[in-house]
Amino acid sequence: MPRHLLSLFDLTSDEIGALLERGVWLKKMKRSGKEHRPLKGKTLAMVFEKSSTRTRVSFEVAMYDLGGHALNITSEASQLGRGETYEDTASVLSRYVDGIMVRTFEQTRIEKMAKTSQVPVINGLTDLYHPCQALADLMTVTENRGNIRPLHISYIGDGNNMANTWITAAIILGFKLTISTPKGYEPEALVLGKVKQGGYPNITVTSDPEAAFRGVDVINTDTWVSMGQEGAGEKEKKETFHPYQVNSKMLALAKKDAFVLHCLPAHRGEEITDEVMDGPQSRIFDQAENRLHIQKAILEKFMS
Ligand code: CP
Ligand code: NVA
């Protein structure tokens, strides 16, 4: 049975630590221009049911740099769009390729693919989780602060796939995490249930926006309207979310050396201001770059 990466729960704390170290090493390799081709002759199928810039390009460049090849498959241009099942699609793809990266809607879709795939399936974002993004975020934290465990990290905004994934990271790694979302926009009940069940005193979920800034080391945010949620009620939603914006006034409440992360794409002037995004406390573009390096560490681990 192949090993899949459907959520961070598929990794142990030690494995996450090793991936982050490897990502930093792979970044140095890339900068030095030295060749490193452990995936020579291997192919990754990238299945996209939603748009992507970073995930698509970083996985494709990562496969090329590691000596392999990546194929881009969209639902519209494949038989998925005409109703071929996820199970059959994965059965067939896994007879051609050595790994499958999937970006889709419900987590059950990727779970169906993992059930029949003979090769590793990697989650490139679902409505529930975005584990590859969180690993790039954690790598950025490591680069800036070394050890993650003693830090206070926050996530402010919509209780979406990124909020859910930060909770899974805090469950596994044990750092202090504060999630601040408006009432009615809390993280997924399934994920909150795990927190309740496990009794994790390091994780707080609140509707107080200031709690995501006061004395915090790292502040994360994300779009208020995720892919697939566009449409009705967007205007009201933006009004509700306005107090949850990452701006200079709020950032002043955090530790002096605190920094800000955003998985991107950003909606400048909504969840984050230009001033913060382009300011000295932003590590957002390093974070985006780190998608490439951590993707390589993930691909090496799951496809070698
Ligand atoms: N952060 C992220 O996953 O970006 P894309 O949607 O551009 O892939
Ligand atoms: N929460 C966002 C993340 C985009 C990378 C979305 O799902 O659209």
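Observations on the structure shown:
- Qualifying position, being open to solvent by less than 10 Å² (accessible area, probe 1.4 Å), in a helix (DSSP H, G or I) and in contact (Cβ under 8 Å) with a residue 60 or more places away in the chain, among A163, A169: A169
- Subset of the range 162-188 (residues that are among the hydroxyl-bearing types (S, T, Y) and more than 16 Å from the chain's Cα centre (by Cα)): T178, S180, T181, Y185
- Taken together, L19, L66, L26, L71 contain a single residue that is within 30 Å of E84 (Cβ to Cβ) and in contact with a helix residue (DSSP H, G or I) (Cβ under 7 Å, 6 or more places away or on another chain), which is L66.
- Restricted to the range 193-304, the set of strands (runs of 3 or more DSSP E) holding at least 3 residues that are surrounded by 20 or more Cβ atoms within 10 Å (Cβ to Cβ) comprises 218-221, 259-262.
- Failed item in (1) open to solvent by less than 20 Å² (accessible area, probe 1.4 Å); (2) out of contact with any helix residue (DSSP H, G or I) (no Cβ under 9 Å at 6 or more places or on another chain), with V121 passing the rest: (2)
- Residue tally, condition of a type in the set (K, R), more than 16 Å from ligand 1 (Cβ to nearest atom) and surrounded by 15 or more Cβ atoms within 10 Å (Cβ to Cβ), over the range 31-89: 1
- Of all residues making up the range 131-157, the number that are at negative phi and open to solvent by 10 Å² or more (accessible area, probe 1.4 Å): 10
- Boolean, K112 is under 28 Å from A170 (Cα atoms) and over 20 Å from the mean Cα position of the chain (by Cα): yes
- Cβ-Cβ contacts under 6 Å between residues 6 or more apart (or on different chains), taken from a first residue in the range 36-59 that is under 17 Å from V121 (Cα atoms) and free of Cβ contacts under 8 Å to residues at least 60 places away in the same chain to a second residue that is open to solvent by 40 Å² or more (accessible area, probe 1.4 Å) and hydrophobic (A, V, I, L, M, F, W, C), are listed as A45/L71.
- Scoring T223 on the criteria (1) modelled with pLDDT of 95 or more; (2) more than 14 Å from ligand 2 (Cβ to nearest atom) leaves a single failure, condition (2).
- Test result for G33, free of Cβ contacts under 8 Å to residues at least 40 places away in the same chain and more than 17 Å from the chain's Cα centre (by Cα): yes
- So R103, is it open to solvent by 40 Å² or more (accessible area, probe 1.4 Å), closer than 20 Å to L71 by Cα and basic (K, R): no
- Unique residue being away from ligand 2 (no atom under 15 Å from the Cβ) and under 27 Å from Q229 (Cα atoms) when the list is I100, I148, I156: I100
- Within the range 208-234, residues that are closer than 12 Å to K255 by Cα sit with their Cβ atoms under 7 Å from residues that are at pLDDT 95 or above and among the charged types (D, E, K, R), at 6+ positions apart or across chains, in these pairs: G215/K255; V216/K255; D217/R145; D217/K255.
The values are calculated or read from the model by the stated rules, or taken from the named source; none is laboratory data. Here the structure is a predicted model, which means the values were calculated and not measured. Cβ coordinates were reconstructed from backbone atoms using ideal geometry, including for glycine residues, and neighbour counts include every protein chain displayed. In case anyone asks, the SASA skips ligands and DNA or RNA and just uses the protein heavy atoms, side chains included. Shrake-Rupley method; radii C 1.70, N 1.55, O 1.52, S 1.80 Å.
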